[in-house]
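The values are calculated or read from the model by the stated rules, or taken from the named source; none is laboratory data. Bear in mind that the values here come from a model prediction, so they are computed numbers and not experimental data. As a convention, Cβ positions derive from the backbone with ideal geometry for all residues, glycine included, and neighbour counts pool all protein chains shown. Accessible surface areas use protein heavy atoms only, side chains included; no ligands, DNA or RNA. Shrake-Rupley method; radii C 1.70, N 1.55, O 1.52, S 1.80 Å.
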Amino acid sequence: MAAPTLSFSPLSPLAGDPLDLAPDVLVLGVQKTDAGPRLLSDDPGFAAVAAALPQLGATGAADELRRLPAVEGSSIPIALIGVGKEVTADALRAAAGAASRQLTGIERLAIALPATSAAEAQAVLEGAGIGAYAYTEYRVATRDATKTPASAIVAHVSDDLAQAATAARASAIVTAIHQVRDLVNMPPSDLYPETLADAAVRLSDGLPVQVEVLDVAALEAGSFGGILGVGLGSSRGPRLAVVRYAPEGAERHLALVGKGITFDSGGLSLKPAASMVGMKYDMTGAATVLAVTLAAARLNLPVRITAWMCIAENLPSGTAARPNDVLRIRGGKTVEVLNTDAEGRLVLADGLVAASEEHPDAIVDVATLTGGARVSMGERYVPVMGADELVGRVIAAGASVGEPIWHMPMPPELRSVLDSDVADIANARPGNPNGGMLVAAHFLKYFVGTVSEEKDAAQIPWAHLDIAGAANNAGSAHGEIAKGPTGATVRTLVALAEDFSRP
């Protein structure tokens, strides 16, 4: 379903019932305190609700939802959502998202949570929009019985916070996250390299961006040996989609490189059957860099962004790459393939080299790259590796929008794990599981170029986000995050782009 329409209202939620929106449900917040649950509204029209909270079973715990009939003088049913102990922007985002996620089978939703700043107002609207997601494209017999969340959401805030620009930013973020989820949810029978590249063209329509798609012939002409080596095992050939947002007057250039493996069987280093389930998610990085670039264009950010979507399908066949094959990456460096299931880093290598050729101010790659990321960080934290100063900016960007990013080291002694007997570098070392996530980062760093063509020029600031854990919520829903694809790091990367846009 399309992202919901998002807006603010400066009216009291009981001011004559806002019939311009005619909400089906009005959401109020409940804080959990040592003295018991506390209704987060001073409106005297809700005094009876505030007094009855204990009898209603409301505790204020995060994600807790209670539904009530309308209060006297109103026709709008009420839902109470727990905010937790601390009322912060992150808590309000999660509460609004938990409410919109759980309140299905409605068209219009009104939310009255106590935002006291522009950041909190945006968090409420953003969280509600993220939570209001359902993927029904492939439901036929069960479609009518599927209850979907609201398609229109209004957040009641004070007059000074009801700013159109804040709502527009929230809408751009929500649209981007829904785009990522929609692409990731598509089955690999329909989403393969050509159609993912086509989606980049389609989703860019009407925005001030340019999209260039390199097919197999163009990849061969451009010496993109990593993407070709991974993708030619499939009858559906690889692609490189380059999405360029270059507003006039932009002084800084941010390059985003995304892994786009539309299905990962492991290639000839075949995965066990159970491990293949869910491998359609392996293109999340490419979907993420696309969505972030389009969000930046919607927001007219004064920063140049180039997204490199490195797209292939990793399948076994008579034309697939073999262990011990040597691939020549764009720019000439060679890689001995020792594990065809370590394919993401091969396509990213081409993207990193190509991005480096334009000498951007920074490069950030995004990939569902290693199982080590999930094992070490779980499904809610995203590890980041790379240049310390840029890594710090990424972490700060994440903190500003409620996405926890954690700095992981790149121990120099792990680089030798990738030494090859015949090529410049190996893509993996089968049988050596130690520090797999960190070793992968060392591989990627090897292909990051320099700030200029001058001899001894410094390496371009680079950061690597391994979203293998956070990209998909395999457990219970929480806050604005439902089960399935999450859109992890979209908010962080938009915030980072905004950071780069400032003088």
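Taking Cα atoms only, the orientation of helix 193-204 departs from the longest principal axis of the chain by about 50 degrees. Counting only protein heavy atoms and a 1.4 Å probe, the stretch 99-231 has 39 square angstrom of accessible area per residue. For the stretch 291-306, backbone phi angles converted through the Karplus equation (6.51, -1.76, 1.60; θ = phi - 60°) give residue-by-residue couplings of 4, 5, 5, 5, 5, 4, 5, 4, 8, 6, 5, x, 9, 7, 10, 10 Hz, Gly and Pro being listed as x. Protein-only accessible surface at a 1.4 angstrom probe places the residues 32, 85, 259, 455 in the order 455, 85, 32, 259, largest first. Taking Cα atoms only, the orientation of helix 344-356 departs from the longest principal axis of the chain by about 90 degrees.
Taken about its Cα centre, the stretch 76-125 carries a charge dipole of about 100 debye when Lys and Arg each add +1 at the Cβ and Asp and Glu each add -1 at the Cβ. Sorted from greatest to least, the principal axis extents spanned by the alpha carbons of the stretch 77-178 come out as 46, 27, 21 Å. Applying Stokes-Einstein at 10 °C and 1.306 mPa s to the Kirkwood radius of the stretch 167-255, computed over alpha-carbon pairs, gives a translational diffusion coefficient of 106 µm² s⁻¹. Using a probe radius of 1.4 angstrom, the carbon and sulfur fraction of the accessible surface of the stretch 233-301 is 51%.
Cut-off 18 Å, label point 7 angstrom out along Cα-to-Cβ of residue 55: give me the residues of the stretch 24-41 whose amide nitrogen falls inside. So the set is 36-39. Taking the DSSP bridge list for the chain and keeping only pairs wholly inside it, about 40 percent are antiparallel. Towards the positive end of the charge dipole of the chain, with charges on Cβ (+1 Lys, Arg; -1 Asp, Glu), say which of 168, 256, 78 has the farthest Cα. Selected residue: 78. Taking all Cα-Cα distances within the stretch 314-365, those exceeding 17 Å account for 42%. Centroid-to-centroid, using Cα positions, the stretch 357-419 and the stretch 229-254 are 21 Å apart.
Computed from the C-beta positions of residue 70 and residue 207, the FRET efficiency with R₀ = 41 Å rounds to 0.45. Rounded to the nearest 5, the antiparallel percentage of DSSP beta bridges internal to the stretch 58-169 is 55%. Of 203, 102, 306, which is farthest towards the positive pole of the chain's charge dipole, taken about the Cα centre with +1 and -1 on the beta-carbons of Lys, Arg and Asp, Glu respectively? Result: 102. Between the amide H of residue 156 and those of 9, 111, 112, 113, distances stay under 5 Å, these residues lying 5 or more places away or on another chain, with hydrogens modeled in the peptide plane. Sorted largest first by accessible area at a 1.4 angstrom probe radius, with every protein chain in place, the residues 400, 501 fall in the order 400, 501. Around the amide H of residue 467, modelled in the peptide plane, lie the amide H atoms of 367, 368, 369, all under 5 Å away and 5 or more residues distant in sequence or on another chain. For residue 182, the solvent-accessible surface computed with a 1.4 Å probe is close to 50 Å², ligands and nucleic acids excluded. Only alpha carbons enter this Debye calculation for the chain, each as an equal point scatterer, and the log10 of I(q)/I(0) it gives at q = 0.12 Å⁻¹ is -1.02. Charged side chains reduced to their Cβ positions (Lys and Arg at +1, Asp and Glu at -1) give the chain a dipole of some 860 debye around its Cα centre. Among the listed pairs 271/483; 85/483; 271/333; 280/483; 147/280, those whose Cα-Cα separation exceeds 20 Å are 271/483; 85/483; 271/333; 147/280. Between residue 322 and residue 117, the simple spin-label model (points 7 angstrom out along Cα→Cβ) gives 6.1 nm. In this view, the solvent-accessible surface of residue 437, computed with a 1.4 Å probe and all protein chains in place, comes to about 10 Å².
Annotation: extensible slack from residue 24 through residue 400 equals 132.1 nm (criterion: 0.36 nm per residue apart, minus Cα-Cα distance). If R0 equals 35 Å, the separation of the Cβ atoms of residue 42 and residue 140 corresponds to a calculated FRET efficiency of about 0.15.
For the stretch 186-302, a crude dipole built from +1 on the beta carbon of Lys and Arg and -1 on the beta carbon of Asp and Glu, taken about the Cα centre, is about 280 debye to the nearest 20.
Farthest toward the positive end of the dipole of the chain, out of 119, 285, 351, is the Cα of 285, where the dipole comes from beta carbon charges about the Cα centre.
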